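Nothing in this text is a laboratory measurement; each read-out follows from the coordinates by a stated rule. Bear in mind that the values here come from a model prediction, so they are computed numbers and not experimental data. Ideal geometry is used to build each Cβ from the backbone, glycine not excepted, and the neighbour counts take in all protein chains shown.
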Amino acid sequence: MNYEAIESKFIATPEKGEVSSILIRPDNAKWLLVLGHGAGTNMRHATLQTIAERLADIGIATFRYQFPYMERGGGGREAQAVVLATVRSAVAAAYAATGDVSILVGGHSYSGRMSSLTAAEAPIEHVRGLVFFAFPLHPSGREGTERAEHLADVTVPMLFLSGTRDKLAVLDLLEPVCENLGDKATLHLLDTADHGFKVLKRRKTEEDVFVEMARVLSEWIETLN
């Protein structure tokens, strides 16, 4: 599959100014995922890079981007309103850069939750679905479901890709959350994966966990057509 990484910038918010992005668009891509980073990482983190590469391998484009606090080098996150506005700006920038693809939005951990909070606030223009790479249902050791309450207000389909060893989304809580969302939610469990997608040798499949996530996402996309 032929593709190149195109770096650019877009305005996150008028007050915060520009942030960076990386577009990877394989030839003939029909879908694009606007892909955010974890709370303490950035768009160049190995996890996001690998997700983008495995999706490109199967013809799905990605638009990675920074939140303003990480564009400044990290430390001290933004007010939630700034973060949610940045998600909308990222989608608008991705759409402007491509225009003729169907758009999904999501990310690893923190950015996935910020994407769903944005969509719960009001539908995001052009977005047909949400993808959560390890949805952070609760802090480690402080189990609860408060972070999922807004998901009932999301109007587009949602895909949860979650490891069976994820300490930020214990299955006894995550599975009922997804069940209560009904047809809007699809949960795929990644055997032995933790929150960062590290797996154990006793994993039941030889399929690489990032290849697995790309495959499942591709299969899920077919249900949206």
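Structure summary
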| item | result |
| --- | --- |
| Under 5 Å, built H, 5+ apart or other chain: amide partners of V131 | V105, G106, G107, L159 |
| Helix-only mean residue ellipticity at 222 nm for the chain, each DSSP H run of n ≥ 4 adding -39500 (n - 2.57), per residue, nearest 500 | -10000 deg cm²/dmol |
| Burial ordering of L224, L117, L137, fewest other beta-carbon atoms within 10 Å first | L224, L117, L137 |
| R0 of 22 Å, Cβ-Cβ distance R165-Q49: FRET efficiency to nearest 0.05 | 0.50 |
| For E149, E53, order by how many other beta-carbon atoms lie within 10 Å, fewest first | E149, E53 |
| Note, ³J(HN,Hα) from phi for region 144-150, Karplus 6.51, -1.76, 1.60, rounded to Hz, x at Gly and Pro | x, 10, 4, 5, 9, 4, 6 |
| Distance between region 52-104 and region 143-197 - C-alpha centres, whole angstrom | 21 Å |
| Potential lengthening between K30 and I11 on full extension [0.36 nm per residue; Cα-Cα distance subtracted] | 4.3 nm |
| Using θ = phi - 60° and Karplus 6.51 cos²θ - 1.76 cosθ + 1.60, couplings along region 167-183 (whole Hz; Gly, Pro as x) | 7, 9, 7, 5, 5, 4, 9, 5, 4, x, 4, 5, 4, 5, 7, x, 5 |
| In Hz, Karplus ³J(HN,Hα) per residue of region 21-31 (6.51, -1.76, 1.60; θ = phi - 60°; x = Gly, Pro) | 8, 9, 9, 10, 10, x, 4, 6, 5, 9, 10 |
| All aspartates and glutamates inside 18 Å of K9 as judged from Cα atoms, apart from same-chain residues fewer than 8 positions distant | E18, E71 |
| Average Cα contact separation per residue, the chain, under 8 Å, 6 or more apart, as relative contact order % | 16 percent |
| Fewest-first sequence of R147, R128, R44, R88 by Cβ atoms within 10 Å of each Cβ | R44, R128, R147, R88 |
| Set of region 135-179 residues, backbone N closer than 15 Å to the point 7 Å along the Cα-Cβ line of K201 | none |
| Reach of K184 by Cα under 20 Å, taken over aspartates and glutamates that are not fewer than 8 positions away in the same chain | E121, E125, E146, E149, D153, D172, E175, E219, E222 |
| Lysines with Cα under 23 Å of K167, excluding same-chain neighbours fewer than 8 positions away | K198, K201, K204 |
| Cβ-derived FRET efficiency at R0 22 Å, T145 paired with E222, nearest 0.05 | 0.15 |
| Correct choice for Cα extents along the principal axes in Å that was computed from the model, options [x] 57, 37, 34; [y] 56, 40, 26; [z] 43, 39, 33 | [z] |
